[in-house]
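Note sheet for the following structure.
The values are calculated or read from the model by the stated rules, or taken from the named source; none is laboratory data. Since we're looking at a predicted model, the values are computed, not measured. Please note: Cβ atoms are built from the backbone with ideal geometry, for glycine as well, and neighbour counts cover all protein chains shown. These area figures cover heavy atoms from the full protein model, side chains too; ligands, DNA and RNA do not enter into them. Shrake-Rupley method; radii C 1.70, N 1.55, O 1.52, S 1.80 Å.
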Amino acid sequence: MALLVAVVGVVGTLGASLLTQSRADRTKRMEMEAAAEQRREERDHAEALLGAERARNRAEESIALRRTCYITLNTAARQYLTAQVDFMHALRNGTGIEAALEDLETRRTTLRESYAEAQMIVPPQVMQGAGVASRHLNAGYGRLKQIAASTPYNQEDLSSFKVRVDQSWALLSGMRQQMRFDLGVDTEPTSGTDL
């Protein structure tokens with residue numbers, strides 16, 4: 001009997017220590033799993049913040065790129081139209097025609113280059129307005145070249161070209177307004193004809 005009691009005591013003591021060790025191991029494993037889960041959540045949160053930061057940086061870079069492109073395109077279009085007006089006046093006055101034509105050709109090339117760049121960057125809704133303005137300016141260029149090819153220059157044709165110039169300014173104004181709206185400068189597109 002004493003032996004049985006001793007065996008039960010030893011088994012109980014060993015069992016208790018094994019049970020205690022098992023529970024300690026289980027508790028430690030649960031703590032490690034909880035710590036790993038917390039690290040995983042922190043890593044996921046950090047990755048989400050990094051992704052949001054990258055998206056914000058891409059959006060800011062896109063706006064800066066579009067802004068630069070818009071400035072270049074708007075400037076080139078205005079200078080092209082101004083060169084057309086200067087050429088029209090040179091034809092009307094009969095002086096400085098070669099210099100005005102050279103400037104017109106330079107401005108035309110500059111617009112073509114900035115328009116080509118815009119085609120790669122500008123969203124479709126803005127590109128549509130830019131395309132209309134560009135085609136109108138190029139049609140005006142063609143009309144001026146026709147007038148310049150006829151000698152003497154038809155003053156009536158030159159006078160009627162003024163209507164085309166006014167239309168061009170309105171189209172450029174509309175294009176600029178679309179650009180400003182896209183950049184968030186204006187809260188809504190306007191149909192004004194500011195110069």
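Round to a whole angstrom and tell me the spacing of the C-alpha centers of the stretch 46-72 and the stretch 78-118.
Taking the Cα centre of each part, the stretch 46-72 and the stretch 78-118 sit 35 Å apart.
Send over the Kirkwood Rh of the stretch 5-69, from the inverse of the averaged 1/r over different Cα pairs, rounded to one decimal Å.
This gives a value of 16.6 Å.
So what does residue 107 come to for accessible area, using a 1.4 Å probe and Å² rounded to 10?
70 Å²
Please report, in debye to the nearest 20, how large the charge dipole of the chain is about its Cα centre when each Lys and Arg carries +1 at its beta carbon and each Asp and Glu carries -1 there.
Values: 24 positive and 25 negative charges, 57 e Å.
I would put it at about 280 debye.
Does the stretch 40-118 classify as rounded, prolate or oblate by the C-alpha gyration tensor (a ≥ b ≥ c root eigenvalues; a/c under 1.5 gives rounded; else a/b over b/c gives prolate, otherwise oblate)? It would help to have the intermediate numbers written out before the result.
Working: a/c = 9.44, a/b = 6.11, b/c = 1.55.
Taking the square roots of the gyration eigenvalues as a ≥ b ≥ c, the stretch 40-118 is prolate.
Considering only protein heavy atoms, what per residue accessible area in square angstrom results for the stretch 1-119 with a 1.4 angstrom probe? List each step's numbers first, then the result.
Numbers: 8370 Å² over 119 residues.
Computed with neighbouring chains in place, this is 70 Å² per residue.
Which of rounded, prolate, oblate describes the chain, given a ≥ b ≥ c as roots of the alpha-carbon gyration tensor eigenvalues and a/c under 1.5 marking rounded, otherwise prolate only if a/b is larger than b/c?
prolate
Find how many whole Å separate the alpha carbon centroid of the stretch 138-189 from the alpha carbon centroid of the stretch 1-25.
Going from one Cα centre to the other spans 100 Å.
Taking the Cβ of residue 29 as the centre, find all other residues whose Cβ is under 14 Å away and add up their charges (Lys, Arg: +1; Asp, Glu: -1).
-1
Over the stretch 62-171, what portion of Cα pair distances is larger than 22 Å, expressed as a whole percent?
Numbers: 1971 of 5995 pairs.
Tail fraction, whole percent: 33.
In Å, what Kirkwood hydrodynamic radius results for the stretch 110-158 from the alpha-carbon pair distances?
Final number for the Kirkwood radius of the stretch 110-158 is 12.5 Å.
Subtracting the Cα-Cα distance from 0.36 nm times the residue separation, let me have the gained length for residue 4 to residue 89 in nm, one decimal.
On the way: separation 85, 0.36 × 85 = 30.60 nm, distance 12.48 nm.
My answer for the length gained is 18.1 nm.
First select every other residue whose beta carbon is under 14 angstrom from the beta carbon of residue 20; then total the charges, Lys and Arg +1, Asp and Glu -1.
+2
Could you work out the local net charge near residue 92, counting Lys and Arg as +1, Asp and Glu as -1, over the other residues with Cβ closer than 13 Å to its Cβ?
Net local charge, residue 92 excluded: -2.
Could you check how much of the accessible area of the chain is carbon and sulfur, as a whole percent, using a 1.4 Å probe?
So the carbon and sulfur contribution to the accessible surface is 57 percent.
Taking each pair of distinct Cα atoms in the stretch 149-189 once, what is the resulting Kirkwood hydrodynamic radius in Å? The partial results should precede the final answer.
On the way: mean 1/r = 0.0811 Å⁻¹.
Result for the stretch 149-189, one decimal place: 12.3 Å.
Please state the shape class of the stretch 41-86: rounded when a/c is under 1.5, otherwise prolate if a/b exceeds b/c and oblate if not, all from the C-alpha gyration tensor.
prolate
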